[in-house]
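Asks: Please see the structure below; I have some questions.
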Amino acid sequence: MHQPHAQPRASIYYRYEVFPAAPRPDVETHVPVVVVGAGPIGLHAALDLARHGVPVLLLAAERQVSEGSRAIVYTRRSMEILHTVGVAEAIERRGLSWRHGNSFVRGQCVFRMEAPHDDDERFMPMTNLQQQFLEQTLVEAAARQPLVSIRWGHKVIGVSQTARGAVLEVDTADGPYRQPCDWVVAADGARSTLRQQLDLRMEGAAYEGRFVIADIRIDLPYPTERRAYFEPDWNPGNTVLMHREPEGIWRIDYQLPTGETPEQALAPESLKARIDAQLAMIGHAGLPWQMDWCSVYSARAMTLPDYVSGRVIFTGDAAHLLPIFGVRGANTGFQDAQNLAWKLAAVVKGQAGPGLLASYSHERVGAAREIIDEAGKSTRFMTPPTRGYRLLRDATLSLSLSQDFVRPLFHWRTSRAHVYARSPLNCLDDDDGRFTAGPAVGAPMLDARLSPGGHLMDGFAPASHLLVFGAGAVAAARDAAARTALPVKVWAVTADGRAAGADRGVADPEGRLARRHGVPSDGAVYLIRPDQHVAARWLQADSPRISAALRRSHGH
């Protein structure tokens, strides 16, 4: 029988809550969707499915949120995704926002990164917050959502499938039971039980370098910025990263010498010696500090070749393992969950064409492979896998001390919002190539600050959206939506925000939104998928073309 930890985990800044273990159900009850795993990605997937009207059962093996800070940096795109399920503002209030990163070689700052930001953005480029707080916020949101039910202390140990559904074998403190369902969302992490049960293999590379994560409480006089130290005197040939976190915590992330075991690395005397050495190197020798949490990880860049295996669909770390350099892990997972939720909801509600669910794997495996290629460059720089790579890295470090042209090579290729430029859901005959500005087909929609207040993407509903420019395009958009019987909202951008027949009017008295979206005159239309990615855009509204694109965007 499964016996999850019933004692609160230790932390010097976070108070863990042990949730009551859910009783073993007496009656076998079929549900539409089971999400396995109550980490950030599983919780978000459950909330987003519920937002689309799908009842969700979430199975959590443990009875507490995650141990340790783990993922701590969330990108602007992740905050936009979290905003759709109503938690971004709480995360923003507690977190630390930032946009700069510094790279040091032998104590000299050789490169300063500045992430783009303008007044139209709702969120800063990056927000630091420990994963426990993020999960706590998501759990609180799930408790307010009547369509989400969490069973704490229920561990999935097996799965069987038929053409019509799946049955999970679940273990609890009261004994095992069977849970039938139509679909399973596997969000059970890097060591996914479901991936192992289905004997699925990832493709990619595992790098040799190992890193220690150590969270310490210390008072350092630095702003919230990424700090990367190459070739520190105390750790020659290796790299150290530092991030500021809320609650007076600093993350120190350092590479281990070849051959050192995790047990050796996490020995208290080893941790103390290395953290003291790093503090001394940055001019704070002897400053008191207190350890909260530490762990060892290896850099891996791997993905399943297909995220849909019968009735089991993989997401987050269960689907791919990505190096943390460039804050790719959780941020990629949020994009997975958002992409999956609306598609699976459309399947459950009978709105999807035969190609919709397959497009989840097409789009997100493609994204993972692009990320692996990008992350591999950073990983090979951080942890050179061969003598040749090390010679190249060492030459770059040496030249950067005196040569400006070398320094942009230190850009850390941070996680970005993926563009589904080759998606099978995209329209094939729209006017995308004729627009001179605005998000291209496949890209996430731009947000924009409105006057007198609010943002363009406020109130984005669990539906497709037709953003029309000019009141005259509303009728064609309405007619196109009516032809499909799909959930569609029509938003109209006009000078005064008035447009008969639109679900929402957006005022654009000076034409700023039109210019931002490359609209030369009234009549243009953007088709936005339920995950906020653009599926098509036209310079003039045409009801049959819009209707066809709407159906295509749902896999028909």
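Asks: Return the pair list, or none, for Cβ contacts closer than 8 Å from residues in region 506-522 that are assigned by TED's automatic domain parsing to the domain that holds ARG537 to residues that are small (Gly, Ala, Ser) and assigned to a strand (DSSP E or B), at least 6 apart or on different chains.
Replies: VAL506/ALA492
Asks: Also: Could you go through region 274-283 and let me know if any residue there is at pLDDT below 95 and touching a helix residue (DSSP H, G or I) at 6+ places or on another chain (Cβ under 9 Å).
Replies: No, there is no match, as no residue in region 274-283 is at pLDDT below 95 and touching a helix residue (DSSP H, G or I) at 6+ places or on another chain (Cβ under 9 Å).
Asks: Kindly indicate which of ALA341, ALA330, ALA345, ALA301 is touching a His at 6+ places or on another chain (Cβ under 9 Å), under 27 Å from GLU370 (Cα atoms), surrounded by 23 or more Cβ atoms within 10 Å (Cβ to Cβ) and modelled with pLDDT under 95.
Replies: Of ALA341, ALA330, ALA345, ALA301, the one residue that is touching a His at 6+ places or on another chain (Cβ under 9 Å), under 27 Å from GLU370 (Cα atoms), surrounded by 23 or more Cβ atoms within 10 Å (Cβ to Cβ) and modelled with pLDDT under 95 is ALA301.
Asks: Another question, if that's okay. Among the residues of region 190-200 satisfying the criterion of being assigned to a loop (DSSP other than H, G, I, E, B) and touching a residue at least 40 places away in the same chain (Cβ under 8 Å), which is surrounded by the fewest Cβ atoms within 10 Å (Cβ to Cβ)?
Replies: So, considering only residues that are assigned to a loop (DSSP other than H, G, I, E, B) and touching a residue at least 40 places away in the same chain (Cβ under 8 Å), the one surrounded by the fewest Cβ atoms within 10 Å (Cβ to Cβ) is ALA190.
Asks: Name the strands (runs of 3 or more DSSP E) wholly within region 490-556 that hold at least 1 residues that are closer than 23 Å to GLY433 by Cα?
Replies: The strands (runs of 3 or more DSSP E) meeting that bar are 525-528, 534-538.
Asks: In region 411-432, is there at least one residue being out of contact with any Leu (no Cβ under 8 Å at 6 or more places or on another chain), small (Gly, Ala, Ser) and more than 24 Å from ASP48 (Cβ to Cβ)?
Replies: There is no residue in region 411-432 that is out of contact with any Leu (no Cβ under 8 Å at 6 or more places or on another chain), small (Gly, Ala, Ser) and more than 24 Å from ASP48 (Cβ to Cβ).
Asks: Next question, about the same structure. Let me confirm something: among LEU397, LEU446, which residue is in the same structural domain as PRO544 (by TED's automatic domain parsing) and closer than 26 Å to TRP98 by Cβ?
Replies: None of the others qualify; the one that does is LEU446.
Asks: Can you tell me which residue among LEU287, LEU344 is out of contact with any Cys (no Cβ under 8 Å at 6 or more places or on another chain) and in a loop (DSSP other than H, G, I, E, B)?
Replies: Answer to the check: LEU287.
Asks: A follow-up question, please. Could you tell me whether any residue of region 471-484 is in a loop (DSSP other than H, G, I, E, B) and assigned by TED's automatic domain parsing to the domain that holds ALA536?
Replies: Checking region 471-484: not a single residue is in a loop (DSSP other than H, G, I, E, B) and assigned by TED's automatic domain parsing to the domain that holds ALA536.
Asks: I need every pair where a residue in region 96-109 that is within 20 Å of GLU245 (Cβ to Cβ) has its Cβ under 8 Å from the Cβ of a residue that is acidic (Asp, Glu) and at pLDDT 95 or above, sequence separation at least 6 or different chains.
Replies: Taking only residues 6 or more apart or on different chains, the pairs are LEU96/GLU245; TRP98/GLU225; HIS100/GLU225; GLY101/GLU225; ASN102/GLU225.
Asks: List the number of the failed condition for ALA206; all other conditions in (1) in contact (Cβ under 8 Å) with a residue 40 or more places away in the chain; (2) surrounded by fewer than 20 Cβ atoms within 10 Å (Cβ to Cβ); (3) closer than 26 Å to GLY329 by Cα; (4) touching an Asp or Glu at 6+ places or on another chain (Cβ under 9 Å) hold.
Replies: (4)
Asks: Continuing with this model, one more query. Starting from region 542-554, take each residue that is closer than 19 Å to PHE469 by Cβ and assigned by TED's automatic domain parsing to the domain that holds ALA473 and list its partners that are of a type in the set (Lys, Arg) and in a loop (DSSP other than H, G, I, E, B), counting only C-beta distances under 7 angstrom and pairs at least six apart or across chains.
Replies: Nothing qualifies.
Asks: Sort out which residues of region 440-452 are in a loop (DSSP other than H, G, I, E, B) and within 15 Å of PHE123 (Cα to Cα), and write them in order of number.
Replies: Within region 440-452, MET445, LEU446, ASP447, ALA448, LEU450 qualify.
Asks: Now a separate question. For region 199-225, name all the residues that are in contact with a Ser or Thr (Cβ under 9 Å, 6 or more places away or on another chain) and more than 15 Å from GLN278 (Cα to Cα).
Replies: Listed by number, the residues that qualify are LEU200, MET202, GLU203, GLY204, ALA205, ALA206, TYR207, GLU208, GLY209, ARG210, THR224.
Asks: In region 476-496, what residues are surrounded by fewer than 17 Cβ atoms within 10 Å (Cβ to Cβ), small (Gly, Ala, Ser) and modelled with pLDDT of 95 or more?
Replies: Across region 476-496, the qualifying residues are ALA482, ALA495.
Asks: Something else about it: Could you check region 3-94 for helices (runs of 4 or more DSSP H) lying wholly inside it with 1 or more residues that are in contact with a Gly (Cβ under 7 Å, 6 or more places away or on another chain) and not polar (S, T, N, Q)?
Replies: Correct list: 40-51.
Asks: Now a separate question. Report yes if ASP276 is closer than 30 Å to HIS100 by Cβ, out of contact with any strand residue (DSSP E or B) (no Cβ under 6 Å at 6 or more places or on another chain), buried (at least 17 other Cβ atoms within 10 Å of the Cβ) and acidic (Asp, Glu), otherwise no.
Replies: no
Asks: Checking the condition within 20 Å of ASP336 (Cα to Cα) and of a type outside the set (Lys, Arg), which residue from LEU450, LEU446 passes?
Replies: Going through LEU450, LEU446 in turn, the sole match is LEU446.
Asks: From ALA514, ALA499, grab the single residue that is under 18 Å from ALA440 (Cα atoms) and crowded, with 16+ Cβ neighbours inside 10 Å.
Replies: ALA514 is the lone residue from the list that is under 18 Å from ALA440 (Cα atoms) and crowded, with 16+ Cβ neighbours inside 10 Å.
The values are calculated or read from the model by the stated rules, or taken from the named source; none is laboratory data. Quantities reported herein were computed from a predicted structural model and do not represent experimental measurements. Note: ideal-geometry Cβ built from the backbone for every residue, glycine included; neighbour counts use all protein chains shown.
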